[in-house]
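Single-structure report; data block below.
The values are calculated or read from the model by the stated rules, or taken from the named source; none is laboratory data. Since we're looking at a predicted model, the values are computed, not measured. Don't worry about glycine lacking a Cβ; one is built from the backbone with ideal geometry, like all the others, and counts go over all protein chains shown. Heavy atoms of the whole protein, side chains included, go into the accessibility calculation; ligands, DNA and RNA do not. Shrake-Rupley method; radii C 1.70, N 1.55, O 1.52, S 1.80 Å.
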Amino acid sequence: MASSTLLLCTTKTPSSNSLTNLSFFSKPSCLFVHGKRNQEHFKVSCCMGEHNEKMNFDRRDLLLGLGGLYGAANLAPLASASDKLTDEPIPAPSLKTCSTAYIEGNIPVPYSCCPPPLPDGMAMDDVPYYEVPECSQLRVRTAAQVVDQDFIDDYNDAISIMKNLDASDPRSFQQQANIHCAYCNGAYTTVGGKDLQVHFNWLFFPFHRWYLYFYERILGSLIGDTTFALPYWNWDNPDGMYFPSMFNQPNTYPDLYDTNRSVNTQNGTFMDLNYVNTEAQTATQSQLLSNNLTVMYRQMITNAPTPLTFFGEAYPLGTVPTSGFGTIENMPHTPVHLWTGTNPGTKLSNGNTSYGEDMGNFYSASIDPVFSGHHANVDRMWNIWKSFGGKRVDLTQTDWLESAFFFYDEDCNPWRVKVQDCLDTVKMGYCYAPMATPWVSYKPQKKTTKGKLDPSSVMAAESIFPLSKLDKAISFSIKRPATSRSQQEKDEKEEILKFKGIKHDNKEYLRFDVFINADKTVNTDELDKIEYAGSYTSLPHAHNASHEFVPRVFNLAITELLEDNKLEDDATIVVTVVPKKGCQVLSIQSVNIELLDC
C-alpha cells in the first residue's frame with residue numbers, strides 16, 4: 001500500500017485543541033503584490049510538521065509556497081452585497097424527482113445519471129446530516145508530478161476495483177461519475193421546476209469539495225488503505241503544466257487512462273490555461289508559461305479581492321442557478337476541462353460523434369479519472385485564497401452555509417451534507433502537500449498601450465449596449481462612479497466592471513477577453529500585460545432539455561488595474577472586449593462600473 005504515516009480519521013468531530021500542532025512550513029518568503037492595501041495582519045496554520053509558528057504579515061504581502069495552507073478560518077466575517085438576499089438555502093435534491101439528464105439541447109444522456117434509490121420507506125427528509133469524523137492525523141494530497149510508484153500502483157488498483165463493482169452499487173465508478181452528471185445536466189430540479197446547478201454560482205466550491213471527500217474515502221476503503229489521499233493536478237506550477245503522466249499510460253495503468261481525451265494530453269504538450277478549443281496553438285512555450293502565470297495572478301489576486309468575486313454570485317432557492325461564476329471556476333477550471341476533452345464533432349473510440357467527452361462536457365467530465373486530480377487542485381485554490389487573509393474569507397450568508405447536497409459514503413450509507421461543514425479541510429481530515437506558487441509574484445508589468453487612450457475617440461457604452469452579437473473586437477468608453485479614491489475608500493469598496501445579461505448558447509464553447517486602456521489591435525495571444533483584465537469562458541452543459549439562453553453576470557475587479565494603468569483620477573476609461581471563440585451567438589445587455597462592498 002502507499003507509504004504514509006497519516007491515519008484516516010474514524011471518530012467524531014475534533015476539538016480545536018487537537019489541531020494546534022498541525023503545521024508544515026518553515027517561515028516562507030513575503031512579497032509585495034497589491035498596491036497600498038491596508039495593513040491588517042493575519043495568521044495562517046498548516047497541516048503537517050513539528051512546529052506551529054505564528055506568522056504575521058503586512059496586508060500588502062502574499063506568500064510564496066502556500067500550497068498546503070487551509071486558511072485563516074477565524075477571521076472576522078465581512079458583509080457583502082448578497083446580505084440583502086432572502087435566506088433560502090438550496091436543499092438536498094429529491095431522488096424521487098430525479099429524471100433524465102441532457103448532454104445538450106434535446107439530446108439525452110444515454111443512461112440514467114440518477115443515484116440508487118434510498119432504502120425502502122426512507123424519504124430525503126429522513127436522511128441524516130453527515131458529521132465529519134474526528135481527526136488525529138491527516139490524509140495528505142500530493143502533487144501528481146511527485147507521487148511515488150507505490151502510490152500510483154495503489155491508485156490504479158483502487159480505480160480498478162471501483163470500476164468492477166456492480167453498477168447498482170453507489171460506490172461504483174459509473175455511479176460516482178453520475179453524481180456530477182445529475183447535479184450539472186438537469187437531472188435534479190428545485191422549486192418551480194428550475195434546474196439544480198452547482199456551476200456558475202457560489203455552490204461550485206463546496207459541492208466539489210464534498211464530492212472529492214466521499215470519492216477519496218471510497219477509494220481508500222476499497223483497497224483497505226486508510227492513508228489514501230487523492231493526488232492533485234498541479235497546473236498552477238510550471239512543473240505541473242503538463243498532463244499528469246500516471247493518467248496517460250494505458251498499458252501500465254489502464255484504469256487511470258481514458259480514451260476520450262484530446263491530443264493535447266499526449267507527447268508532453270505544455271498546457272494552455274487560457275485554452276478555448278480553437279486552432280492550433282502558435283504561442284511559444286515561454287509565452288504560454290507567462291500567460292498561465294498571469295491568469296493565475298489575475299484570478300487569485302487581482303479579480304478575487306472579495307468573497308463574492310471569488311465564490312460566484314448568490315444562488316438562493318428559486319432563483320436562476322447560473323447567475324455568475326467566481327474567478328477560479330471561470331479560469332483556469334473551465335479551460336483545463338476544454339484542453340483535456342476531445343474536440344466536438346470528432347469521432348470517439350466507440351464511433352459516436354464527440355460533444356467534448358469526457359472532460360470537455362459536464363455530463364461526462366467525471367468519467368475521466370483525471371477529473372478528481374483537476375478538482376483537487378481547484379479545491380486547493382480555495383485554501384490558498386483564504387490563506388491570504390484580510391477580506392479573503394468564506395461567505396457568511398445563511399443561504400450559502402445551509403445549502404445541502406446528497407451523497408453515499410464508503411459504507412453505502414446515504415447522507416445529507418451542508419456547505420457550512422466543509423469550510424475547513426483540516427477538520428475534514430485532509431490537507432495539501434505544499435508546492436511553490438510562483439504566480440503569486442507574477443504581477444504583470446509590461447504595457448501594450450503608450451499613455452492613456454482618449455475616451456472621446458470611441459463610442460460610449462450606453463451607445464453600444466445592448467449588444468446583439470460579439471462578432472468582432474469592440475472598444476467603448478465607460479463612466480466610473482467615483483475617482484481619486486482614498487486608500488480607505490478602496491479598502492471599503494472594490495471597483496467592479498460588471499457585464500450584465502450575458503446570453504449565449506449553452507452548448508457552445510465560448511470565451512472573450514477584456515482589456516482596459518487598450519485598443520482593438522491588442523495582441524490577445526499575450527496576456528501578460530497590465531491592460532489585461534480577465535476573460536469570460538463557458539463549458540457546454542444543458543438546461544431543461546434545451547440549450548436555452550440563460551442570462552449571467554460577469555464581474556471583474558479593476559481597482560488594481562486602474563492603479564497600474566494610472567487611471568485612478570480619470571472619470572471615464574476605455575474598455576476593449578475581444579471575442580476568442582463562439583461569440584457570434586453571444587449578446588450582452590449592459591456594462592457598467594459599480595462599487596462592491598468588501
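A few points about this structure:
- Leading residue by the ranking (surrounded by the most Cβ atoms within 10 Å (Cβ to Cβ)) among those in the stretch 515-536 that are out of contact with any Pro (no Cβ under 6 Å at 6 or more places or on another chain) and part of a strand (DSSP E or B): PHE515
- So ASP166, is it loosely packed, with under 14 Cβ neighbours inside 10 Å, among the acidic types (Asp, Glu) and within 30 Å of PRO321 (Cα to Cα): no
- Qualifying residue in the stretch 131-144 (condition: modelled with pLDDT of 95 or more, within 27 Å of the chain's Cα centre (by Cα) and assigned to a helix (DSSP H, G or I)): yes
- A count restricted to the stretch 281-326 and to residues that are open to solvent by less than 20 Å² (accessible area, probe 1.4 Å) and in a loop (DSSP other than H, G, I, E, B) stands at 11.
- Residue match in the stretch 414-428 (condition: part of a strand (DSSP E or B) and either surrounded by 22 or more Cβ atoms within 10 Å (Cβ to Cβ) or assigned by the TED database to the domain that holds ASN506 (or both)): yes
- Within the option set LYS520, LYS507, LYS490, being touching a strand residue (DSSP E or B) at 6+ places or on another chain (Cβ under 8 Å) and touching a residue at least 60 places away in the same chain (Cβ under 8 Å) holds for one residue only, LYS507.
- Members of the stretch 119-130 found to be at pLDDT 95 or above and either part of a loop (DSSP other than H, G, I, E, B) or outside the structural domain of ASP195 (by the TED database) (or both), listed by number: VAL127, PRO128, TYR130
- From the list PHE362, PHE407, the lone residue that is open to solvent by less than 10 Å² (accessible area, probe 1.4 Å), more than 19 Å from the chain's Cα centre (by Cα), within 21 Å of ILE90 (Cα to Cα) and assigned by the TED database to the domain that holds HIS208 is PHE407.
- Of the candidates PHE499, PHE512, PHE476, the single residue that is touching a residue at least 60 places away in the same chain (Cβ under 8 Å), touching a Pro at 6+ places or on another chain (Cβ under 6 Å) and not in a loop (DSSP other than H, G, I, E, B) is PHE512.
- Scanning the stretch 338-356 for residues that are in a loop (DSSP other than H, G, I, E, B) and open to solvent by 10 Å² or more (accessible area, probe 1.4 Å) turns up THR342, ASN343, PRO344, GLY345, THR346, LEU348, SER349, ASN350, GLY351, ASN352, TYR355.
- One residue alone among ASP255, ASP236 is touching a Ser or Thr at 6+ places or on another chain (Cβ under 7 Å), charged (D, E, K, R), within 21 Å of MET435 (Cα to Cα) and at pLDDT 95 or above, and that residue is ASP236.
- Test result for GLY373, out of contact with any strand residue (DSSP E or B) (no Cβ under 8 Å at 6 or more places or on another chain) and touching a residue at least 40 places away in the same chain (Cβ under 8 Å): no
- Among the residues of the stretch 587-598, those that are in contact with a Pro (Cβ under 8 Å, 6 or more places away or on another chain) and open to solvent by 50 Å² or more (accessible area, probe 1.4 Å) comprise GLN589, GLU594, LEU595.
- Any hit, the stretch 199-213, residues being at pLDDT below 95 and closer than 20 Å to ASP368 by Cα: yes
- Counted residues, the stretch 541-586 - those being open to solvent by less than 10 Å² (accessible area, probe 1.4 Å), modelled with pLDDT under 90, closer than 21 Å to PHE311 by Cα and in contact with a strand residue (DSSP E or B) (Cβ under 6 Å, 6 or more places away or on another chain): 1
- Members of the stretch 172-187 found to be in a loop (DSSP other than H, G, I, E, B) and either crowded, with 23+ Cβ neighbours inside 10 Å or not assigned by the TED database to the domain that holds PHE362 (or both), listed by number: ASN185, GLY186, ALA187
- Within the stretch 97-119, residues that are touching a residue at least 24 places away in the same chain (Cβ under 8 Å) and closer than 18 Å to SER172 by Cα have Cβ atoms under 6 Å from residues that are among the polar types (S, T, N, Q) and open to solvent by 30 Å² or more (accessible area, probe 1.4 Å) in these pairs: PRO116/SER168, counting only partners at least 6 apart in sequence or on another chain.
- Against the list (1) buried (at least 24 other Cβ atoms within 10 Å of the Cβ); (2) in contact with a strand residue (DSSP E or B) (Cβ under 8 Å, 6 or more places away or on another chain); (3) not in a helix (DSSP H, G or I), the condition PRO335 fails is (3).
- When GLY192, GLY268, GLY220 are checked against the criterion of being modelled with pLDDT under 95, assigned to a helix (DSSP H, G or I) and either over 19 Å from the mean Cα position of the chain (by Cα) or small (Gly, Ala, Ser) (or both), a single residue qualifies: GLY192.
Residues checked against (1) crowded, with 20+ Cβ neighbours inside 10 Å; (2) under 30 Å from ASP148 (Cα atoms); (3) at pLDDT 95 or above:
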{"site": "THR437", "(1), (2), (3)": "yes, yes, yes"}
{"site": "VAL440", "(1), (2), (3)": "yes, yes, yes"}
{"site": "LYS446", "(1), (2), (3)": "no, no, no"}
{"site": "GLY451", "(1), (2), (3)": "no, no, no"}
{"site": "SER457", "(1), (2), (3)": "no, no, yes"}
{"site": "ALA460", "(1), (2), (3)": "no, no, yes"}
{"site": "SER475", "(1), (2), (3)": "yes, no, yes"}
{"site": "LYS498", "(1), (2), (3)": "no, no, yes"}
{"site": "ILE502", "(1), (2), (3)": "yes, no, no"}
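- Scanning the stretch 386-417 for residues that are touching a Leu at 6+ places or on another chain (Cβ under 7 Å) and among the charged types (D, E, K, R) gives LYS391, ASP394, ASP399.
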